[in-house]
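Encoded as structure tokens, the structure appears first; notes follow it.
The values are calculated or read from the model by the stated rules, or taken from the named source; none is laboratory data. Keep in mind the model is a prediction, meaning the values are calculated, not measured. Using ideal geometry, Cβ is built from the backbone for each residue, glycine included, and neighbour counts are taken over all protein chains shown.
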Amino acid sequence: MFVTLLKEALRLTPIFLFGSTGETLTEKSGHLNLGTPGILCMGVAGGMVGISIYDLIFGGFPTNFGGALALFLIVVFMAMLFGALSGLLFSFFCVSLRCNQNVMGLAYTTFGIGFYGLVFNSFESQGKGIFYFNEFCYTINTLFMKDAEATNAFEKLFLANGGLWYMSFIIAIVVAIILKRTRVGLNIRAVGENAGSADAAGINVSKYRYLTTIIGSAISALGGLYYFVEINIGLLEFGKIDTYGWLAVALVIFTLWKTDLGVLGAFLFAFLFKLPEIYGLPSAEFNMLFLYLPYFITILVLLATSIFDRKAGQAPGNLGITYFREER
Amino acid sequence: MSEVKFDQKLINPTPRKVKPAREKFIHITKKLDVSMKYKVIVRVISIVTALLVCALILNLFSPGHFGDFFSGSINSLVGSDKKFFNSVYEFTLLLGLSIAVLPSFKMKFWNLGGEGQVLIGGLAAALVSRYISPSVPNFLTTIIMFVAAVVAGGIWAAIPAFFKAKFDTNETLFTLMMNYIATGLIIFFAFIADPSHGLFTNLKNGIFNFSNSDMLIIVPFIVVVLMTAFMFGYLNYTKHGYELSVVGETRNTAKYIGINVKGVILRTVIISGALCGIIGYLSVAKQGSISENIMSGRGFTAVMIAWLGHMNVLEIVIMSFLVAFITRGSGQVATSLDLGTDFTKITIAVFLIVILAFEFFLNYDVHFNKNVFKNKKSKEVKE
């Protein structure tokens with residue numbers, strides 16, 4: 001039973017992890033991108049488009065390893081492209097046009113949810129309904145799996161996963177290293193802490209904000225793709241994905257803007273999310289309340305960091321503030 | 001005296017090669033004062049553009065229906081009595097929510113928790129209606145429900161406000177999280193009220209009960225109009241309104257002229273929450289039920305309306321009307337063209353994003369520096 005719980009929690013982890021890694025990268029440069037739930041939706045839409053592109057070019061399911069790999073790459077590319085375009089739009093509005101980030105983020109979330117529904121709807125009206133994506137997604141999942149019939153607990157937990165699962169952890173660690181240990185990471189953090197000082201030091205604020213937002217959004221979009229491909233295996237369950245998106249935003253605070261801590265945080269969120277489902281609390285109403293525990297814990301962390309006022313755990317100084325050089 | 005020898009290199013070292021700063025073609029400066037006429041013109045252009053873009057998107061997904069967006073929207077507004085009243089209700093909700101979050105925004109307190117405050121207010125009203133004894137006279141139940149909703153909404157807003165005032169906790173994220181906890185509480189109490197289905201429906205005590213069903217919409221409308229009038233007066237003609245706008249402009253100025261900043265933050269946000277609670281009460285009293293998606297994202301839309309309405313009551317009224325118009329209109333068009341219910345979300349978002357883009361022209365001037373090209377040419381000639 002406990003192995004099942006761990007397995008389910010680990011399976012859910014990458015959604016949060018992709019989302020929070022991308023959002024952390026964006027927030028470190030001072031952009032509070034509340035469009036993350038919308039970007040996750042765009043990732044799902046990108047996945048759907050990617051699969052249909054593969055179907056259009058090669059006509060049907062991949063039969064060999066090469067075909068499956070091509071499918072995997074096309075789908076990942078399309079999801080990241082949709083995410084990156086979202087990031088580009090967001091940074092064009094918030095860097096070049098200097099719009100308010102909160103308003104733009106909320107508008108983009110609304111847009112993303114609508115767009116994903118519309119894309120799905122248009123596939124459905126072409127006769128490519130819910131089951132159309134199922135087989136494709138199954139192929140993508142089994143691509144990097146060692147063996148679907150895992151025997152011991154270790155294999156079940158860590159080796160019976162799709163390619164995106166491994167990617168989420170690798171990306172989180174890589175982003176953490178870049179932010180902590182490299183010159184580029186230092187510049188990103190400088191831009192996020194105090195854009196004015198960074199500008200005076202000769203760092204191109206606009207360039208860094210554009211880049212981090214675009215790359216961060218591309219990473220976040222993979223969270224949506226993961227949900228679509230590996231958790232729902234191509235089936236759509238409407239109205240869930242943006243909830244995961246808000247939890248990813250919460251996770252950024254929970255992990256104190258560190259993506260390596262994000263690995264643990266995402267697992268903890270997933271664990272709490274799955275706990276009532278697997279074990280089952282004594283009554284349905286408490287089961288329901290339990291699902292909202294991650295939000296509550298996030299608030300506690302938010303409070304703790306602000307009350308103890310430690311420098312290390314604070315939000316980036318210029319988070320949510322649009323930079324205009326000539327403003328005093 | 002011995003001659004001092006200067007090392008020529010020290011005095012005049014070989015100059016470091018520095019890239020000359022490139023002149024930029026586009027130069028942006030802040031607009032200092034904007035005339036009313038200019039504002040109105042930009043606004044009108046932005047709204048017309050936004051509507052056209054929405055129609056274009058409809059045309060993209062079902063070609064040949066460019067005009068249907070406008071005819072459908074107008075039809076949804078005045079097509080029939082029922083449609084008209086539904087549009088009025090949509091307008092009522094959007095306006096009410098925007099007005100409710102307005103004071104906290106004017107104070108630059110990012111209250112994204114309007115939706116949660118509405119839900120908690122509604123939940124309090126629903127709980128009173130459910131568990132109060134039916135022998136209590138109806139008008140008394142109504143009053144108790146109303147008060148419960150106002151108090152609950154106020155308390156829900158006071159929690160993040162308290163921590164903002166005391167510890168400067170980030171209110172954007174705090175209020176956002178509070179929304180979901182409110183959602184959780186509603187589901188929780190729905191399961192307590194109805195263990196088998198988890199539906200909080202069929203409330204009877206203190207629910208609007210009019211022989212004429214149009215009154216169901218007229219009463220909330222009147223309440224929201226009163227709220228709007230109250231907010232107009234409160235923000236423009238009272239000391240409270242002055243204080244909160246100073247706190248919004250600069251915290252320090254407010255402190256130095258003797259305003260109790262923490263108190264103002266707490267008071268303003270509580271008023272915001274209490275007004276949200278009223279919306280929650282109205283929604284429950286109209287429908288006789290509550291669920292976690294009675295607002296279905298309108299809390300966020302209201303935030304955007306308040307911002308794009310420049311915290312100005314009149315502009316907010318116009319913006320709410322336009323958004324309600326688009327919501328109802330694109331909903332109807334999408335249903336008739338089989339585009340699914342989510343098409344509405346796209347049109348609202350696109351409409352607001354286009355207007356947001358036009359904000360740029362209200363705040364900044366763009367100068368094109370033609371010398372950039374001239375200098376290049378002159379250099380080439382020299383070489």
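Taking the residues in the range B:126-161 that are aromatic (Phe, Trp, Tyr) and more than 22 Å from the chain's Cα centre (by Cα) as candidates, determine which candidate is nearest to the other protein chains (Cβ to nearest Cβ).
Selected residue: B:Tyr131.
Please pick out the residue among B:Leu362, B:Leu275 that is out of contact with any Gly (no Cβ under 8 Å at 6 or more places or on another chain) and in contact (Cβ under 8 Å) with a residue 24 or more places away in the chain.
B:Leu362
Given the conditions (1) in contact with a Phe, Trp or Tyr (Cβ under 7 Å, 6 or more places away or on another chain); (2) not in a loop (DSSP other than H, G, I, E, B), and given that B:Thr169 satisfies all but one, which numbered condition is not satisfied?
Just one mismatch for B:Thr169, condition (2).
Give the number of residues within the range B:122-143 that are buried (at least 18 other Cβ atoms within 10 Å of the Cβ) and of a type in the set (A, V, I, L, M, F, W, C).
Residues flagged as buried (at least 18 other Cβ atoms within 10 Å of the Cβ) and of a type in the set (A, V, I, L, M, F, W, C) within the range B:122-143 amount to 6.
Being without any contact (Cβ under 8 Å) to a residue 24 or more places away in the chain and on the phi > 0 side of the Ramachandran plot is the requirement here; does A:Gly30 meet it?
Here the answer is no, as A:Gly30 does not meet what is asked.
Any idea which of A:Phe123, A:Phe61, A:Phe72, A:Phe92 is aromatic (Phe, Trp, Tyr), in a loop (DSSP other than H, G, I, E, B), over 16 Å from the mean Cα position of the chain (by Cα) and surrounded by fewer than 24 Cβ atoms within 10 Å (Cβ to Cβ)?
It is A:Phe61.
It is to be established whether one or more residues within the range A:227-241 are among the hydrophobic types (A, V, I, L, M, F, W, C) and modelled with pLDDT of 90 or more.
no
Table: residues versus (1) out of contact with any strand residue (DSSP E or B) (no Cβ under 9 Å at 6 or more places or on another chain); (2) closer than 30 Å to B:Ile155 by Cα; (3) of a type outside the set (D, E, K, R).
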residue	(1), (2), (3)
B:Ser291	no, yes, yes
B:Ala324	yes, yes, yes
B:Ala334	yes, no, yes
B:Ile346	yes, no, yes
B:Phe351	yes, no, yes
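Among the residues of the range B:318-328, are any aliphatic (A, V, I, L, M) and without any contact (Cβ under 8 Å) to a residue 24 or more places away in the chain?
yes
Which one of A:Tyr210, A:Tyr227 is of a type in the set (Phe, Trp, Tyr) and crowded, with 24+ Cβ neighbours inside 10 Å? Don't jump to the end; show me each part of the working.
Numbers: A:Tyr210 fails: crowded, with 24+ Cβ neighbours inside 10 Å.
None of the other options fit; the residue is A:Tyr227.
Scan the range A:286-327 residue by residue and report those that are assigned to a helix (DSSP H, G or I), more than 7 Å from every other protein chain (Cβ to nearest Cβ) and farther than 23 Å from B:Trp110 by Cβ.
Result: A:Phe286, A:Asn287, A:Phe290, A:Leu293.
Pull up the range B:331-368, narrow it to residues that are at pLDDT below 85 and hydroxyl-bearing (Ser, Thr, Tyr), then point me to the one that is farthest from A:Glu326 (Cα to Cα).
Applying the filter and picking the extreme gives B:Ser336.
If a residue must be among the charged types (D, E, K, R), at the interface with chain A (Cβ under 10 Å from one of its Cβ atoms), assigned to a helix (DSSP H, G or I) and closer than 20 Å to B:Ser87 by Cα, how many such residues does the range B:323-364 contain?
1
Of the residues that make up the range A:106-115, is at least one under 23 Å from A:Thr212 (Cα atoms), more than 9 Å from chain B (Cβ to nearest Cβ), part of a helix (DSSP H, G or I) and not small (Gly, Ala, Ser)?
No, the conditions are met nowhere in the range A:106-115.
Tell me, which helices (runs of 4 or more DSSP H) lie completely within the range B:35-128 with 3 or more residues that are at pLDDT 90 or above and more than 17 Å from B:Ser296 (Cα to Cα)?
The qualifying helices (runs of 4 or more DSSP H) are B:36-61, B:81-106.
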